[in-house]
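In what follows, a single structure is set out as structure tokens and then discussed.
The values are calculated or read from the model by the stated rules, or taken from the named source; none is laboratory data. These numbers come from a predicted model, not from an experiment. Cβ atoms come from the backbone with ideal geometry, glycine included; neighbour counts cover every protein chain shown. These accessible areas exclude ligands, DNA and RNA; they are computed on the full protein's heavy atoms, side chains included. Shrake-Rupley method; radii C 1.70, N 1.55, O 1.52, S 1.80 Å.
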Amino acid sequence: MRSTPARPRSRRRLDQSLLVLGAGALATSLAALTLAPGVSAASSHREAPLIAGDPRADNTDVYAYTSLDRPDSVTFLANWIPFEEPNGGPNFYAFGDDLRYNIKIDNDGDGVSDITYTWRFHSSYRDAANQFLYNTGPVTSLADPDLNFRQVYDLVLSHGDESKVLLSNVPAAPSRVGPASMPNYAALRNQAIRNIPGGGKTFAGQAEDPFFADLRVFDLLYGGNLSERGQDTLAGYNVNSVALQIPKSQLALKGNPGRNPVIGVWSTTERQGVQVSDSRDKHGDQWKQVSRLGNPLVNEVVVPLKYKDAFNTLNPDQDRTVQPVVDKVLDPTLPKLIQQVYGIPAPATPRRDLFEIYLTGICKACGPIQADLNAHSLNKDAKRRGIVPAEELRLNMAVPPTVNPNRYGVLAGDLAGFPNGRRLTDDVIDISLQAVEGAAQTGQLVPALADGDKVNANEVPFGTSFPYLALPHTKSVNSGPNAPERSGNKNAAALGGLGALLLGAGGFRLRRSRKTS
């Protein structure tokens, strides 16, 4: 068993402070949430008990990475509305006019957003009195009179309490109705990409769901015998997406990405004039956070059922005060379940490696993962006393993009991948399974879980230019249980052996580099 190095005195004080129960915010949220169990206050592919009632507010995934074609900028992607069946007419899928969709950036490590980008949408119909169709003829442009339903948005930039409108009345790309209605959807989407004054790009509209995974993991970890693997549960579905590409100098602390390369990222959804406990009753004009997402799979796998909905109402700077959630990072449930079902011994607790990945970022002084990667403490101008443990997706902007990304990211020695930010090609299911079994601190793959869910890539290729997401699907997902297997699933499964070999070699390289650092 690998011994844990002695922690610095400041770290011990931090751990002791976490033992003080400071769950007042959580208790308040829980008390409110118990009043109306039919309302959503959750995010990420229906993982929390209340999510089904509010899909427009359901944030499914967040991505943040440096792109090969724009290495001076960071690309942010955030998706909403899970499991959009392509043929879900006649109303199809729209952003909520009563919602604010946010991407938030923390560049000093205090768990509070220093930079917030907000999308506010407005919907309209050309003819609501005499038409029932989304479009009345082939749509060839976003201004086409045959597009009956349309959405526009304002993009707002906030620094603390100061806000300014960057763009107004920007058209969102419509849902992809089908080839007859939209014969050249790629051209429509390109029209929805707009430049931001001062640098950067924005996009909002429908896209193919980029998350790939076999979600039968929730059937006792793939059937209790690893028999239920290899089918991409998200294949064929679409989502609604917002995308940004922002110069690094506009994101870094004091505008200096050389001295301060680390940022923390998460997204939220806010609803106006409601209590989180009951969206059916009006409660003034105050905005309430009803969804939150940073690292993938945290709310699904780490947070206990009792706290899932309340967790989504909290700001990251409150995370360290919620002892039940901190406890589940230090002593997670999933490794125990893996041991129970498959007999693989759970790593020893407390899990300070997971504490690094989810709450502090990775650095040599932060815990057992001996690498300086993406902790806010690596920012030279950050005030050390102000840095707090907070659940954020952290990205070191100084790490260059990888020409040939490895789907296992950091575990395979590819430091440009998850958990250093998250790229579209990162296999977060397999990475997370290995991480909870200790691979991040040992540098070694757990052989029994080497194949993961056997879904190693998206069913369609991603784009090579902004917004990088694949075009929405048009074919029905609902083909029945006897439908032939999708070719994308076969291709993904066929990559399993090669992926495992790459991970084994990459993990060994990462371990060696730590020993020599």
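Note: segment 185-340, Cα convex hull, 216 Å³ per residue.
Each other residue within a Cβ distance under 11 Å of Gly409 adds +1 if Lys or Arg and -1 if Asp or Glu, for a net charge of -1. Rounded to 0.05, the FRET efficiency of the Lys475 and Ala365 pair, given R0 = 51 Å and the Cβ-Cβ distance, is 0.50. Using the 1.4 Å probe convention, the accessible area of segment 369-431 works out to 33 Å² per residue with neighbouring protein chains retained.
Keeping all protein chains in place and using 1.4 angstrom, which order do Tyr237, Tyr65 fall into by accessible surface area, from largest down?
Ranking Tyr237, Tyr65 by accessible area, largest first, yields Tyr237, Tyr65.
Averaging the sequence gap over all C-alpha pairs within less than 8 Å and six or more residues apart, then dividing by the number of residues, gives segment 109-252 a relative contact order of 19 percent.
What translational diffusion coefficient, to the nearest whole µm²/s, does segment 318-359 have by Stokes-Einstein, given a Kirkwood radius computed over alpha-carbon pairs, a temperature of 20 °C and 1.002 mPa s viscosity?
197
Taking a sphere under 14 Å around the Cβ of Ala173 and counting the other residues whose Cβ falls inside, with K and R at +1 and D and E at -1, yields a net charge of +2.
Expressed as a fraction of 2.2 N^0.38 Å, the C-alpha radius of gyration for segment 322-406 is 1.29.
How about segment 145-230: which chymotrypsin sites (Phe, Trp or Tyr not before Pro) there are in a DSSP loop, with at most 15 other Cβ atoms within 10 Å of their Cβ?
Details: sites: Phe149, Tyr153, Tyr185, Phe203, Phe211, Phe212, Phe218, Tyr222; in loops: Phe211, Phe212.
Here no chymotrypsin sites (Phe, Trp or Tyr not before Pro) fit, given the DSSP loop and packing criteria.
Here the spin labels are modelled as points 7 Å beyond Cα on the Cα-Cβ line, and at Ser141 and Ser158 they lie 3.6 nm apart. Heavy-atom accessible area, probed at 1.4 angstrom with all protein chains present, ranks Arg259, Arg100 as Arg259, Arg100, highest first. Ranked from largest to smallest solvent-accessible area, with a 1.4 Å probe on the protein heavy atoms, Arg423, Arg384 come out as Arg384, Arg423.
Here segment 260-418 exposes an accessible surface that is 51 percent carbon and sulfur, computed with a 1.4 Å probe and the other protein chains kept in place. Spatially, segment 322-355 and segment 363-436 are offset by 20 Å when compared through their Cα centroids. A 1.4 Å probe, protein heavy atoms only, puts the accessible area of Thr425 near 60 Å². Dipole orientation for segment 357-487: of the candidates Gly386, Ser432, Ile362, Gly386 has the Cα lying most toward the positive pole (charges on Cβ; Lys, Arg +1; Asp, Glu -1). Site pair Leu305 and Ala129 shows an inter-label distance of 5.2 nm when each label is modelled 7 Å from Cα along Cα→Cβ. Taking a quarter of the surface of the Cα convex hull of segment 146-202 gives a mean projected area of 4.8 nm².
Neighbours of Gly386, meaning other residues whose beta-carbon lies under 9 angstrom from its beta-carbon, give a summed charge of +1 when Lys and Arg score +1 and Asp and Glu score -1. Taking every alpha-carbon pair under 8 Å whose residues sit at least 6 apart, segment 146-212 reaches a relative contact order of 25 percent. Short-range pairs are left out: with C-alpha atoms under 8 Å and at least six residues apart, the relative contact order of segment 45-151 is 18 percent.
The equivalent ellipsoid of segment 120-159 has semi-axes of 26, 12, 5 Å, largest first, where each one is the square root of 5 times an eigenvalue of the Cα gyration tensor. A straight chain from Asp331 to Ala398 at 0.36 nm per residue would run longer than the Cα-Cα distance by 20.9 nm.
Here the ratio of the Cα radius of gyration of segment 353-452 to 2.2 N^0.38 Å is 1.05.
Accessible surface computed residue by residue for segment 129-171, with neighbouring protein chains in place and a 1.4 Å probe, gives 54 Å² per residue. As a quick test, which of the pairs Lys254/Lys288; Lys104/Lys383; Lys288/Lys383 have an alpha carbon distance above 27 angstrom in this structure? Flagged as over cut-off: Lys254/Lys288; Lys288/Lys383.
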